[in-house]
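To start, the structure under review is shown below, and the notes come after it.
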Amino acid sequence: MKKNILFRLALMLCFVWMVSLAQADPDPNFHIYICFGQSNMEGNASVPSSETQGVSERFQRIYTANDCSNCGKKMGQWYTAIPPLARCFHGNNIGYGPVDNFGRTLVENLDPAIRVGVVVVACGGCDIQLFEKDR
C-alpha cells in the first residue's frame, strides 16, 4: 500500500514537472488582434494581385476554419497574412478586407522586432448578434 502511494506521488510530481516545462511565457513582441464581424470584415472586395505579393512575414494570420484542405493550410496554424484572410479561399477572387491594410500598416509603423497576428472570425450574411456571448 505504501509503495503504491509513493509511486502515485512520484508519477504526479513527474507530470507536474513536465507540464511546467511545456508552458511558455507569452511573447511580448507578438501582438495579436481578434477581428470579428460580418461580410466587410470577412473581405468583400476582390483581391488585387499586387496585394498577394511582398507581404511581410511579420504580419501573420491564424486559420480559424477547418475548410482549407484545398490549399494545404491547417486550422490553428500561423501563416503569413496573404489575402484572403478570413478563409482559405473565396469564389470570384473576393476576400480582401480592412484587416489586410490594418495589419500591414501596423507592421510598417511598429518597431521591426514586433510581429502582428490577426485572428479573423467573420461570417458574411450573419447577424452581428451571432457574436453575443449568450448566443
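The values are calculated or read from the model by the stated rules, or taken from the named source; none is laboratory data. Predicted model only: the values in this text are computed from it and were never measured. Here the Cβ is made from the backbone with ideal geometry for all residues, glycine too, and neighbour counts use every protein chain on show.
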Please count how many residues of segment 89-106 are touching a residue at least 12 places away in the same chain (Cβ under 8 Å), outside any strand (DSSP E or B) and surrounded by fewer than 20 Cβ atoms within 10 Å (Cβ to Cβ). 8
Can you pull out every residue in segment 117-132 that is β-branched (Val, Ile, Thr) and not in a strand (DSSP E or B)? Ile128
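Yes/no matrix, rows are residues, columns are (1) at pLDDT 85 or above; (2) in contact with a helix residue (DSSP H, G or I) (Cβ under 7 Å, 6 or more places away or on another chain); (3) at negative phi; (4) acidic (Asp, Glu):
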| site | (1), (2), (3), (4) |
| --- | --- |
| Phe7 | no, no, yes, no |
| Leu11 | no, no, yes, no |
| Asp25 | no, no, yes, yes |
| Glu57 | yes, no, yes, yes |
| Ile82 | yes, yes, yes, no |
| Leu110 | yes, no, yes, no |
